[in-house]
1. Which far-off residues, 5 or more places away or on another chain, put their amide H under 5 Å from the one on Asp32, with H placed in the peptide plane?
2. In nm, to one decimal, how far is the modelled label at Arg14 from the one at Arg38, with both set 7 Å along Cα→Cβ?
3. Normalise the Cα radius of gyration of region 2-82 by 2.2 N^0.38 Å (N = residues in it) and let me know the number.
4. For Phe69, which sequence-distant residues (separation of 5 or more, or a different chain) have an amide H within less than 5 Å of its own amide H, given hydrogens modelled in the peptide plane?
5. Take His27 and Val45, extend 7 Å from each Cα along the Cα→Cβ direction, and tell me the distance between the two endpoints in nm.
6. Hey, in the GNM for the chain with a 10 angstrom Cα cutoff, which one of Leu59, Leu34, Leu26 fluctuates hardest?
7. Pairs of alpha-carbon atoms within less than 8 angstrom and 6+ residues apart define the contacts here; what relative contact order does the chain have, in percent?
8. Go ahead and set up a Gaussian network model of the chain, Cα springs under 10 Å, then flag whichever of Val50, Val30, Val68 fluctuates most.
Amino acid sequence: MNSCDMRFPDYDARSNRGLIRWELFLHSEVRDVLLTSREDTLLIVFRGSVNPTGWAKTLVEAGFPAPVFRGVAAASAEGSAAA
């Protein structure tokens, strides 16, 4: 399993976690979307390759603000090493 932070600047992602999680489950690699200590940041747990472009597109099309991803490069390297 891999994970990365998904931040929504100036947006209360914590309160909208359920809806965000539901949308991201359209991507088969996403296993869960968890709360963090920050209101604007969620943790994406996924299997395989990281897909920030696809995840962001899904969320923006659903009406959410565009997220910023942290830890994506590290997650990509781990995913490549595990493959």
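Throughout, read-outs are computed from the coordinates displayed, never taken from laboratory work. What you see is a predicted model; the values in this text were computed from it and never measured. Neighbour counts are summed over all protein chains in view; Cβ atoms, including those assigned to glycine, are modelled from backbone coordinates with ideal geometry.
1. So Asp32 has HN proximity to Val45.
2. 1.3 nm
3. On the way: Rg = 11.6 Å, N = 81, 2.2 N^0.38 = 11.7 Å.
Cα-based Rg divided by the globular estimate yields 0.99.
4. The list, which skips near neighbours in sequence, is Arg7.
5. Computed distance between label sites His27 and Val45 equals 1.6 nm.
6. Highest fluctuation among the options: Leu26.
7. Values: 141 pairs, mean separation 32.6, N = 83.
So the answer I get is 39 percent.
8. Of the options given, Val68 has the highest mean-square fluctuation.
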